[in-house]
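What follows is a short report on a single structure.
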Amino acid sequence: MTCKRILIIDDDAHVRQACVDILKDLGHTTIAVDDGASALTEIARATPDVILLDLLMPRAKVDGLDFLSLIARGPAAQTPVIILSALGATLARHMSNEISTGLNIAAVLAKPVALDTLIQEVARAERVGLSL
């Protein structure tokens, strides 16, 4: 597996750090931010290879849904996005169907996410990103 640049967007510091730890152990470069506005700044610096995105960030300047609509018009529109959501798998899947038009939603994972599932979906998203 080659080193990929993965952007992690989640307002929960524990979730962000757990994702950073897991992905760094796998040899990836990680950038972790707590809201969509900070993520947009990071994307302006360099487009990531994969994005992990929390949908609901109530204290965020730009939440996950807003972030998705904003990147749809830019260079990160085809970057594979893995949605992490505490909404539950069924609702999260429904939401991803609604918002995925024009975006590259690679997976929707319900929180708490199992470690092996996260690793598997990141690897799959990397492959999807390479085929674009």
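Where a number appears in this text, it was derived from the coordinates with a stated rule and is not lab data. Only a predicted model underlies this, so the values are computations on that prediction, with no experimental measurement involved. Cβ sites come from the backbone with ideal geometry, for glycine too, and all protein chains shown count toward neighbours.
Just a few scattered comments:
- With Cα atoms defining each centre, the stretch 1-45 and the stretch 107-129 are spaced 14 Å apart in the structure.
- Burial ordering of Leu56, Leu23, fewest other beta-carbon atoms within 10 Å first: Leu56, Leu23
- Overall form of the stretch 5-121 per C-alpha gyration tensor (a/c, 1.5; a/b vs b/c): rounded
- Length added when fully stretched, Ala86-Leu56, from 0.36 nm per residue minus Cα-Cα: 10.0 nm
- Using 0.36 nm per residue and subtracting the Cα-Cα separation, the extra length available between Lys24 and Ala72 on full extension is 14.5 nm.
- Order of Arg16, Arg124, Arg59 under a 10 Å beta carbon neighbour criterion, fewest first: Arg59, Arg124, Arg16
- Here the spin labels are modelled as points 7 Å beyond Cα on the Cα-Cβ line, and at Ile119 and Ala44 they lie 3.7 nm apart.
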